[in-house]
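This report concerns only the one structure given below.
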Amino acid sequence: MDTEIDWQRELDSSFGSGADVPAGHYVAAGHRAVRRRRAVSVAIVVAMTVGAGAAWGGPGTTPRGDAPVATQPASPHPDDPTEKSEDAAQRKRSLTRMRDMARNQAVQFDNPVALTQDGELVLAPGEGPVLEEVPNPMGYTAAQGHSVGVRVMKDGKEQYGFLTVYPNSSSATMVWKTGDFAGWLAQAVRSQSTLDVANGVTPASGDISGMPWLALSPGGEIEAARPGVVIVELRTDVDLGGNFGQGATRAGVVRLLVDGRSEFAAFTVWDDELNIEPAGGTFESMSAFITWATAQYATGDGMR
């Protein structure tokens, strides 16, 4: 048996017979396949782009082509740390100015301490230490002012001090240590209370008006500031000595009835501003008051 096989003939016969197919047929089919693959690729890319846009903008987001363009920077957040830092810096500069002004005032009047406009006690250069500080013995509200009683060293010696500051003025009384500090401060507070009532800083007990005792009339004359105040006697021909009235337009003393009680005071007029310094005590006569007031101004304490 012949086992040799003609494999070429067998292969040719297995495909059967048919007409010859031009080569361009196979080329065209290949081009179509390429176009189909490209179309599928483009569709996939578009789907991915749309999906990415939806994920970026979120539901309801305007397509990027129609989205508004920001032309102004966003407003600072209320808790912007930059703004807080600027506010803190401004506050620090303001405190520094107030402290410098208070120290200059202390040096000007040869005092060891001074009170800033917001009630902070500061030492003059080279003075101190502060031995005791009594905050706000006058009980002022923030709108009325600030006060402090103090024991402090100056030039190696102890001084007592009582300081007040108001929106438009300030005062300071410093004396060398004398007697009990608590007793001295209590007397200073009583005198200042009378002064504050006279100048309308605080109302008198039972007097809700809070008005001062005296005022300047349109013509510049001294007159009662309200009902309940009666001028009994007023003199401008007196000299209380010391620094009383130096540089003032007018100065003098007055005896009053204030809501039925007897009061004595010294006064000064600076241009159109009237300042009253009540005695805070009782006297038998105007002469007795003048004698006492002259002695007070000679010590530099005034009516305190």
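The values are calculated or read from the model by the stated rules, or taken from the named source; none is laboratory data. Please read all numbers here as calculations on a predicted model, not as lab measurements. Don't worry about glycine lacking a Cβ; one is built from the backbone with ideal geometry, like all the others, and counts go over all protein chains shown.
Remarks
- Test: residue in the stretch 285-297 that is at pLDDT 80 or above and either part of a loop (DSSP other than H, G, I, E, B) or in contact with a helix residue (DSSP H, G or I) (Cβ under 6 Å, 6 or more places away or on another chain) (or both): yes
- Some residue of the stretch 125-140 being touching a helix residue (DSSP H, G or I) at 6+ places or on another chain (Cβ under 6 Å) and free of Cβ contacts under 8 Å to residues at least 40 places away in the same chain: no
- Considering residues of the stretch 274-290 that are in contact (Cβ under 8 Å) with a residue 12 or more places away in the chain and of a type in the set (A, V, I, L, M) only, the residue nearest to Arg255 (Cα to Cα): Met286
- Residues that are aliphatic (A, V, I, L, M) and either buried (at least 20 other Cβ atoms within 10 Å of the Cβ) or in a loop (DSSP other than H, G, I, E, B) (or both) within the stretch 139-174 comprise Ala142, Ala143, Val148, Val150, Val152, Leu163, Val165, Met174, listed in sequence order.
- Among the residues of the stretch 220-243, the one identified as farther than 14 Å from Thr291 by Cα, surrounded by 15 or more Cβ atoms within 10 Å (Cβ to Cβ) and in contact (Cβ under 8 Å) with a residue 40 or more places away in the chain is Ile222.
- Members of the stretch 275-304 found to be of a type in the set (A, V, I, L, M, F, W, C) and surrounded by 19 or more Cβ atoms within 10 Å (Cβ to Cβ), listed by number: Ile276, Ala279, Phe289, Ala293, Met303
- Condition met for Asp180 (at pLDDT below 90, farther than 24 Å from Ser262 by Cα, surrounded by fewer than 12 Cβ atoms within 10 Å (Cβ to Cβ) and not aromatic (Phe, Trp, Tyr)): yes
- Flag if Gln187 is within 30 Å of Ile222 (Cα to Cα), among the polar types (S, T, N, Q) and not assigned by TED's automatic domain parsing to the domain that holds Glu273: yes
- Of all residues in the stretch 87-123 being farther than 23 Å from Asn168 by Cβ and more than 13 Å from the chain's Cα centre (by Cα), the one that is surrounded by the most Cβ atoms within 10 Å (Cβ to Cβ): Pro112
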